[in-house]
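Notes follow once the structure below has been shown.
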Amino acid sequence: MSRSVAAAVTVSGKLGLSLEEIDETIHQKVRLGIMSALVARGLSDFRFLKETLGLTDGNLSIHLAKLEEVGYISVHKEFLHRKPHTSYEATEEGKIAFDRYLNALERIVHSARSGNQPV
Amino acid sequence: MLYQLDDEPRLEEAYENLRLIRETMDRSTKHSSLSGVAGLLVGLWAIIGVVLTRYAAYESSSLTVRHVHLITLAAIWTSVLFASVATDYLMNKRAAASVGKHVFSSLGARIVQSAAPGFTAGLVFTLYLLWLGQIGHIWGFWMLCYGLAISSVGLFSVKPVSFLGWSFLLAGAFTLFLSPIDGLWMMAVTFGGFHICYGLFTGVTRGEW
């Protein structure tokens, strides 16, 4: 089970939208970018993620570690041309969490447009 | 009223995050807008185009319009352009299919839009030099216009694409001062060599064959 901090976020006040849990692990912008890239592309190495997301090594490493810690991504280490090569992949748990988060965002937008309470 | 002002920050955040997701996913699959194999093949088509031009389209080394078989020249480079676009399209389609996406995307549309002015300028210069009877000097202009188009595409892609664009721009500026025949060989160096180098670089360093 993920150790992710899943916080219940109530869409504020006057809308009265009380949505299901928003996964705070994915909600963070950098981690959302990482998950989006990995879900879209599949297995990707560190360099690809760094260039695609425009991040520094340190910043990317911190957020990858967080996603790995909660079990949303898996890490594959190997030697390529005698150099260490690290790749990352979204786990099934990570893909489910990503889908759930995406659905939550879509419900916020849909609710605002229709004026209805989200399901 | 569907919602009130206090709700706007949350709604805007939702829109922003959805946009981030969409753009990142697009960028991830369009990352190899010119894959390793595509780069090698596009370079090869260009070199074939240069060789064919030199030995099939020109009658002498002066290369003014009077010494060029214009229909042959047009046929060669239209074929090179078609083969290059088809190669890149098929490679992109293969890459997009591998992640369950369609080759056409909003980012793809923006890439085409951003490249269009450069290609249009290339067409205008071609017609202008034809009118002047100086089509032999077209090579540097093609490099400049292609470099402009690729530099624009680089805004939506990885850094090596921008580098490729600027390389074409600099080579084009240099080629303008060369003789037409040397300019033609520069076509082999740039459209051939640059693309092949880019293809090898992309394939070897990024594993994006």
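The values are calculated or read from the model by the stated rules, or taken from the named source; none is laboratory data. All values reported here derive from a predicted model rather than from experimental measurement. A quick note on method: Cβ atoms are made from the backbone with ideal geometry, for glycine too, and the neighbour counts reach across all protein chains shown. Note: areas computed on protein heavy atoms with side chains; ligands, DNA, RNA excluded. Shrake-Rupley method; radii C 1.70, N 1.55, O 1.52, S 1.80 Å.
Results, tabulated for the structure shown:
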{"quantity": "Computed label-point distance, nm, for sites B:ALA116 and A:LEU43 using a 7 Å Cα→Cβ extension", "calculated": "3.9"}
{"quantity": "By average C-beta atoms within 10 angstrom, highest first, the peptides A:49-61, B:129-141", "calculated": "B:129-141, A:49-61"}
{"quantity": "Cα-based Lys pair tally, the range A:34-119, threshold under 19 Å, eight or more apart or on separate chains", "calculated": "5"}
{"quantity": "Full-extension gain in nm, A:HIS110 to A:GLU51, via 0.36 nm per residue minus C-alpha separation", "calculated": "18.0 nm"}
{"quantity": "Estimated buried accessible area (total), pair A and B, 1.4 Å, Å² to nearest 100", "calculated": "2800"}
{"quantity": "Average projected area [Cα convex hull, the range A:50-119], square nanometres", "calculated": "6.7"}
